[in-house]
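> Provided herewith is a single structure, encoded as structure tokens, for subsequent inquiry.
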Amino acid sequence: MKTIVRNTIFMNLFNVFGRASGFLRYAVLVYFLSDPDYALITFGFSFGRMCRHFMDGGLDNLITRDGARSPEKIPSFLLNSFILKAILGALFFIAAYFYLYGARGLSPRELAVVYVSMIGSGMTSMTGVMRSGFSAIERMEYIFYTNTPSRMISIAALLAVLYFKLSLIWAAWAVALEPIIWLGAMAYCSVGRFSLRRASASWGAIVYMISESWALAVFGFFNIFYLSLDVIMIEYLMGGREAVAPYTLASLFMEGVSLLLTGYIFAVFPVFSRYYPRDEDAFRRLFRQSCVIMTAAAAPVSALLFFWADGWMNFIRETGPVSSQVMSILAINTVLSMLNTLLVVVFTARDRQRWLVAFTGLAVTVSFTTNWVMIPIYQQPGGAIATLISQALLFMVMAFSCRRLFGLTPPFARMGGLLAVSFAAGAAVKCLPVPLLAVPFCYAAALTPIAHFTGVFTLNDARRFQTMLKA
């Protein structure tokens, strides 16, 4: 458990630094670039993200899962994944040229900016191969230590480019500099750590990886589409991009919050993968502990965002009531989202990734139907309601399947108790005239005695938790 905690800390630091640097880069681009140039480079970033997801192909999760079980196979997985991703990247680059130049009619300058963004995203996908190798051996500090200087150098280069008013193509290269440096640093660490010089390409290994990863690739596609569906349908049903802005403000805020909670899931995935074929009892204990830990982490955050949605959304600048309403609904969804992500890890770790295709297909279908019904009635909050309904149904189906297939049942009573006391503490503090910035401290002061009084979290639980951390 000590290793899991250490890796959780490093992954959370990685996510925090990533969000902070992303926000800084966004602010710098908005300040220095004209509207047409900003629109072009953000279009390039969007197209680059599609390239990255296309190249990933579910390979990263496969490396982490199988590498955790058989560390001696990691060099082969890394080399053959590089080959597969290079092929996928070449296919995407060729298809992108016909679309961007032939169908969209982009000029050579515009095409160059988009392609540089795609190169950066392609390098990010390549770093995913190395990241998965270090995740498999539970050494995630390598991910954080190699990425942080890469981000700093990239931001410094971007500031220099914009300050000296160089052409937009150099700004795109400055952004792409981060994954290029990061890939070099990760490769340098990997050569010695995984003995890559002795690895060789294997057609059998490539066929195996394709057969195992295609379901994860389809799942990833469905998941991306599912996460974008509410925004797409709000724009379509409400007739314009202006309607999307209030919803996007809240959803991006919640996306950032959720990212900070996923560090534990990244850390626990290789442990699940190692336990599955060897120690079923340990797998079951870790599963139940993880359900409690994710609920204990997400429920207080959910309550804080639900009761004070208006304050948080309008803290920096006025966003209007719609964003606050959307955020309050999405806040309730936080716990479900985290638990669903944990269940996805369980199915992947137990070699049942093909089930994820059916689950996300169901989620997309339900989300489309509920968005179609809810948005005309409730406007933008209807999209949040649709997300909540689809996530709730997805959790019920996945939890039921997990019980039937694996005999794994989440500790619903304990999880429900944590959720109840979290919202009870939030309701109690909401009745008091507490300044917004003091709310988290007052909330923590109220939550602790309520949890102890109700028996949801006692001193004995605290001692057991301390013992787990030392194990």
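> Need the C-alpha centroid separation for the range 160-225 versus the range 1-77, integer Å.
9 Å
> In debye, nearest 20: dipole of the chain around its Cα centre with unit charges on the Cβ of K, R (+) and D, E (-)? Provide the component values of the computation, followed by the final result.
Working: 36 positive and 22 negative charges, 272 e Å.
Dipole of the chain, to the nearest 20 debye: 1300 debye.
> Please arrange Ile293, Ile377, Ile234 by how many other C-beta atoms lie within 10 Å of their C-beta, fewest to most.
Values: Ile293 21, Ile377 9, Ile234 27.
Ordered from fewest to most neighbouring Cβ atoms within 10 Å, Ile293, Ile377, Ile234 come out as Ile377, Ile293, Ile234.
> Still on this structure: When a/c reaches 1.5 or more, the comparison of a/b and b/c decides; with that in mind, is the range 1-201 rounded, prolate or oblate per its Cα gyration tensor? Mind dumping the intermediate values first?
Working: a/c = 2.44, a/b = 1.48, b/c = 1.65.
Oblate, since a/c reaches 1.5 and b/c is not below a/b.
> For Lys165, list the aspartates and glutamates whose Cα falls under 16 Å from its own Cα; do not include residues on the same chain fewer than 8 positions away.
The qualifying aspartates and glutamates are Asp35, Asp37.
> Considering the dipole of the chain built from charges on the beta carbon (Lys and Arg +1, Asp and Glu -1) around the Cα centre, which of Val257, Gly311, Thr148 is farthest to its positive end?
Selected residue: Thr148.
> Which value, in Å³ per residue, describes the convex hull spanned by the Cα atoms of the chain? Write down the numbers at each step before the final one.
Numbers: hull volume 74.2 nm³, N = 471.
Dividing the Cα hull volume of the chain by its residue count gives 158 Å³.
> Another one. Rounded to the nearest 0.05, what FRET efficiency do Thr448 and Ala160 have when you use their Cβ-Cβ distance and R0 = 45 Å?
On the way: r = 49 Å, r/R0 = 1.08.
Computed FRET efficiency for Thr448 and Ala160: 0.40.
> Taking 0.36 nm per residue of sequence separation and subtracting the Cα-Cα distance, how much length would be gained by fully extending the chain between Ile224 and Val30, in nm to one decimal?
Details: separation 194, 0.36 × 194 = 69.84 nm, distance 2.59 nm.
Contour length minus the Cα-Cα distance gives 67.2 nm.
> Further, regarding this structure: Order 384-396, 421-433 from most to least packed using the mean count of other Cβ atoms within 10 Å. Mind showing how you got there, number by number?
Details: 384-396: 20.7, 421-433: 16.8.
Going by the mean number of other Cβ atoms within 10 Å, highest first, we get 384-396, 421-433.
> Still on this structure: Once you have a ≥ b ≥ c as the square roots of the Cα gyration tensor eigenvalues for the range 217-471, tell me rounded if a/c is under 1.5, and otherwise prolate or oblate according to whether a/b is larger than b/c.
On the way: a/c = 2.25, a/b = 1.13, b/c = 1.99.
In terms of gyration-tensor shape, oblate.
> Val16 to Leu437: extension gain in nm, 0.36 nm per residue of separation minus the Cα-Cα distance? Present the calculation step by step, with values, prior to reporting the outcome.
On the way: separation 421, 0.36 × 421 = 151.56 nm, distance 1.98 nm.
That works out to 149.6 nm of additional length.
> Another one. Per the helix-only calculation at 222 nm, which mean residue ellipticity applies to the chain, given -39500 (n - 2.57) for every DSSP H run of n ≥ 4 and division by its residues, nearest 500 deg cm²/dmol?
On the way: 18 runs with 395 residues, N = 471.
Calculated at 222 nm, the ellipticity per residue is -29000 deg cm²/dmol.
> May I pose another question? How many angstrom separate the Cα center of the range 410-433 from the Cα center of the range 435-451?
Each part's Cα centre sits 12 Å from the other's.
> Here's something else I'd like to know. Hand me the chymotrypsin sites (Phe, Trp or Tyr not before Pro) from the range 229-328 located in a DSSP loop with no more than 12 other Cβ atoms within 10 Å, in residue order please. Could the numbers behind the result be given before it?
Numbers: sites: Tyr236, Tyr247, Phe253, Tyr264, Phe266, Phe272, Tyr275, Phe283, Phe287, Phe306, Phe307, Trp308, Trp312, Phe315; in loops: Trp308, Phe315.
When the chymotrypsin sites (Phe, Trp or Tyr not before Pro) of the range 229-328 are filtered for loop state and at most 12 Cβ neighbours within 10 Å, Phe315 remain.
> What list do you get for Glu138, Glu178 if you sort them by fewest beta carbons within 10 Å?
Glu138, Glu178
> Label points 7 Å out from Cα along the Cβ direction at Arg49 and Phe23: separation in nm?
1.8 nm
> Can I ask one more? Note down the magnitude of the dipole of the range 217-471 about its Cα centre, charges +1 on Lys and Arg C-beta and -1 on Asp and Glu C-beta and zero elsewhere, to the nearest 20 debye.
Details: 17 positive and 11 negative charges, 202 e Å.
About 980 debye.
> Taking the Cα-to-Cβ direction at Ala39 and at Val364 and moving 7 Å from each Cα, how far apart do the two end points lie in nm?
Here the answer is 3.0 nm between the modelled labels.
Coordinate-derived values only; no laboratory data. Predicted model only: the values in this text are computed from it and were never measured. For neighbour counting, all protein chains shown are included, and Cβ atoms are generated from backbone atoms with ideal geometry for every residue, glycine included.
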